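One structure is given below, encoded as C-alpha cells.
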C-alpha cells in the first residue's frame, strides 16, 4: 500500500508504505518507497547525526510497527514522525511532556510525541531535548524554546497511525 500526498505550494511530498517488521524490512521499504516517489533508485546516506541524505532533496524518514513514512522537499527542510495507535504512549508521557503541556488523551499524546520527534529531526543540528520544545495542539504549532522559533505542523490521523509533518525555510 503506497500513499502519496503533495503539498505543491510548499514543495512537500509525503509517501507512506505498509512494510513488514524488522530493520531489513524498513531498509527495503525505504528503497522501494523512494523509487516510487522519485522514479529512480536513490542512494541514501546519513550524516554524523544519523539524518538521512539524498542528492537534490531534503528528506525525513520515520518507521513504526508495519508502516514507513517519508517526507521530501527540494527547497525546504523537513521533519516527520509516524506512530501506530497504542495506549503505551500514556506510560511514557511524563518523559516528553513539559509541566505546561497538559495533554492526557491518547490521541493528543500521540500528536505531541510525533510533533516533538518531527521537530527534533527538522532541527537536528540543535540537538533539542523534549523539554526545549513546547507543543500547542489546538494551534498545530511547536515552539523551539532554545531559539524561540515557532513552526506549524500538520497532523494526519489514520485509523492505524498518527503522522506529524513539519517544514521550514533554513
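Those strands (runs of 3 or more DSSP E) of the range 116-170 in which at least 2 residues are closer than 21 Å to residue 52 by Cβ and within 15 Å of the chain's Cα centre (by Cα), considering only elements entirely within it, cover 149-157, 161-168. Kindly evaluate residue 100 against the criterion of being assigned to a helix (DSSP H, G or I) and either modelled with pLDDT of 95 or more or farther than 25 Å from residue 47 by Cβ (or both). Spelling it out, it is not the case that residue 100 is assigned to a helix (DSSP H, G or I) and either modelled with pLDDT of 95 or more or farther than 25 Å from residue 47 by Cβ (or both).
A search for C-beta distances below 8 Å between a residue of the range 84-100 that is at negative phi and any residue that is part of a loop (DSSP other than H, G, I, E, B) and surrounded by 11 or more Cβ atoms within 10 Å (Cβ to Cβ), counting only pairs 6+ apart in sequence or on different chains, returns 84/65; 84/66; 84/160; 85/160; 93/103; 97/103. The set of residues in the range 153-170 that are crowded, with 24+ Cβ neighbours inside 10 Å and free of Cβ contacts under 8 Å to residues at least 60 places away in the same chain contains only 153.
Of all residues assigned to the range 45-56, none qualifies as being touching a strand residue (DSSP E or B) at 6+ places or on another chain (Cβ under 6 Å) and more than 26 Å from residue 127 (Cβ to Cβ). When residue 134 is tested against (1) within 24 Å of residue 67 (Cα to Cα); (2) at pLDDT 95 or above, exactly one condition is not met: (1).
The values are calculated or read from the model by the stated rules, or taken from the named source; none is laboratory data. Computed from a predicted structure; not experimentally measured. Note: ideal-geometry Cβ built from the backbone for every residue, glycine included; neighbour counts use all protein chains shown.
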